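The next block holds one structure in the form of structure tokens; read it before the comments.
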Amino acid sequence: MVVVTTSDAHRAIDAVWRIESAKLIAGLTRIVRDVGVAEDLAQDALVVALERWPESGVPDNPGAWLMATAKHRAIDRLRRDKLVERKHDEVSRELEALQERAVPDLDAALDDHVGDDLLRLVFISCHPVLSTEARVTLTLRLLGGLTTEEIARAFLVPEPTIAQRIVRAKRTLAEARVPFEVPRGEEFTARLSSVLQVIYLVFNEGYSATAGDDWLRPALCEDALRLGRILVALVPAEPEAHGLVALMEIQASRARARVGASGEPVLLLDQNRARWDQLLISRGLAALERAEALGGASGPYALQAAIAACHARARTAADTDWARIASLYEALAERAPSPIVELNRAVAVGMADGPAAGLALVETLTAEPSLRGYHLLPSVRGDLLAKLGRRDEARAEFERAASLTRNARERALLLARAEECAEKVLNAK
């Protein structure tokens, strides 16, 4: 037992909660069969820690202390609320037996198959009965250990909105009687796709914030990476899980180089590659190799990771294998057709075969309804027009892109590029 100050104790509690909360909630959910009740029990244990640790000191094994406290609370709540009587017969018998055998056996029941319980919690958090927004929020809450305030701040949403979203999500799961289990067969594949999508949505919001004053939100990237690493440990034979982790590791390696001294965005070709994190790159390349070894080279996340790997392997921007990147985007377009994939392919083609070739592809996307309000379409078009010397048109495109983005840093960058085009036009006269 280590005696610490109140502030030190609170920091320790926060750190332990981030590490242990998912396992704690997962184990409790298996017992009470209700993720909302399980989270309440885990939060009860956290409150007890906040009350006791500043006085008694941080336990030698704080995670085990929280688990033991939560288990006692679980038994008390089961007795007080008579949850046993309201559950299915099979669960009722299990809970009655657990109560009769007392705490030691309950400890064993909760501590067995921690990995299985975590995987079940992953699939519950990302269940298709929930909206995409609810899945993201619940995943960050239950698996990421984030508070309501932290989630609200990350997504620039009012805290009451996030709180309501969490409450509704847990109520929806309870009312739908979503079983605490890992799906099988085709349902497993479909549900895993949802899990991967949620984790990547979290990462993308951190990597390129859609709104607000910051270009990057590193904490969200870190949370997504942590969730991805947990997932591959739980489903090591799933190539797309490794593909997603590979993609996130390599993308995250550029974080320090993507922002200038004043927080301004630094585009890929202008980045100081000496600032790229080589450890994350090596981890990403290793994860990509695992995905490919498992037969997943053509998976959407593995293909995107392979594209990121092309950039990671290039010592300078000029060394980038744009022809390979263009071919990988072509393969990705076949596997996961999307106007955004086609837009990215146009960028790669523009780099490999010249801006005219890239612009020809972009022009085919200008009438695409789903890209009508997408700021990167006029941004890409503006870049290609500028390279072709059509700077008046490029300026108009950059200004249009600036009007569409909700991120202040990105807007400033686009307006600066528009001004640069205007100055070159003026100087040419």
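The values are calculated or read from the model by the stated rules, or taken from the named source; none is laboratory data. The structure presented is a predicted model; accordingly, all values stated were derived computationally and were not measured. Glycine also receives a Cβ, built like all others from the backbone with ideal geometry; neighbour counts cover every protein chain displayed. Note: areas computed on protein heavy atoms with side chains; ligands, DNA, RNA excluded. Shrake-Rupley method; radii C 1.70, N 1.55, O 1.52, S 1.80 Å.
Table for the structure above
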| read-out | value |
| --- | --- |
| Condition check for Val182: open to solvent by 20 Å² or more (accessible area, probe 1.4 Å) and either of a type outside the set (Asp, Glu) or touching a residue at least 24 places away in the same chain (Cβ under 8 Å) (or both) | yes |
| Some residue of the stretch 117-137 being in contact (Cβ under 8 Å) with a residue 60 or more places away in the chain, open to solvent by 60 Å² or more (accessible area, probe 1.4 Å) and of a type in the set (A, V, I, L, M, F, W, C) | no |
| Only listed residue being within 17 Å of the chain's Cα centre (by Cα) and on the phi > 0 side of the Ramachandran plot, chosen from Leu156, Leu121 | Leu156 |
| Among (1) touching a His at 6+ places or on another chain (Cβ under 6 Å); (2) at pLDDT 95 or above - the single one Val232 does not satisfy | (2) |
| Listing of helices (runs of 4 or more DSSP H) fully contained in the stretch 82-149 that carry 1 or more residues being farther than 17 Å from Arg171 by Cβ and modelled with pLDDT under 60 | 83-86, 89-111, 114-125 |
| Qualifying positions in the stretch 370-392 - surrounded by fewer than 16 Cβ atoms within 10 Å (Cβ to Cβ), in a helix (DSSP H, G or I) and more than 27 Å from the chain's Cα centre (by Cα) | Asp392 |
| Cβ pairs under 7 Å, 6+ apart, first in the stretch 42-67 and in a loop (DSSP other than H, G, I, E, B), second open to solvent by 20 Å² or more (accessible area, probe 1.4 Å) | Gly57/Met1; Gly57/Val2; Gly57/Val3; Gly57/Val4; Pro59/Met1; Pro59/Trp65; Asp60/Met1 |
| Residue that is modelled with the lowest pLDDT, among those in the stretch 150-162 that are assigned to a helix (DSSP H, G or I) and surrounded by 16 or more Cβ atoms within 10 Å (Cβ to Cβ) | Ala154 |
| Candidate set: the stretch 164-179, residues that are hydrophobic (A, V, I, L, M, F, W, C) and open to solvent by 40 Å² or more (accessible area, probe 1.4 Å); chosen: the one farthest from His127 (Cα to Cα) | Val167 |
| All positions within the stretch 339-369 that are of a type in the set (Gly, Ala, Ser) and surrounded by 13 or more Cβ atoms within 10 Å (Cβ to Cβ) | Ala346, Ala348, Gly350, Ala352, Gly354, Ala357, Gly358, Ala360 |
| Members of the stretch 185-215 that are closer than 23 Å to Ala408 by Cα, among the hydrophobic types (A, V, I, L, M, F, W, C) and open to solvent by 30 Å² or more (accessible area, probe 1.4 Å) | Leu201 |
| Number of the exception - Gly263 against (1) modelled with pLDDT under 95; (2) closer than 18 Å to Gly206 by Cα; (3) part of a helix (DSSP H, G or I); (4) of a type in the set (Gly, Ala, Ser) | (3) |
| Pairs, first part of a helix (DSSP H, G or I) in the stretch 17-32, second of a type in the set (Phe, Trp, Tyr), C-beta under 9 Å, six or more apart | Leu24/Trp17; Ala26/Phe180; Thr29/Phe180; Arg30/Phe180 |
| Every residue from the stretch 247-273 that is within 12 Å of Ser208 (Cα to Cα) and either surrounded by fewer than 16 Cβ atoms within 10 Å (Cβ to Cβ) or among the acidic types (Asp, Glu) (or both) | Leu267 |
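Let's see how each residue does on (1) free of Cβ contacts under 8 Å to residues at least 12 places away in the same chain; (2) of a type in the set (Ser, Thr, Tyr); (3) not in a helix (DSSP H, G or I):
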{"site": "Glu292", "(1), (2), (3)": "no, no, no"}
{"site": "Ser298", "(1), (2), (3)": "no, yes, yes"}
{"site": "Ile307", "(1), (2), (3)": "no, no, no"}
{"site": "Cys310", "(1), (2), (3)": "no, no, no"}
{"site": "Arg315", "(1), (2), (3)": "no, no, yes"}
{"site": "Arg324", "(1), (2), (3)": "no, no, no"}
{"site": "Ser327", "(1), (2), (3)": "yes, yes, no"}
{"site": "Ala331", "(1), (2), (3)": "no, no, no"}
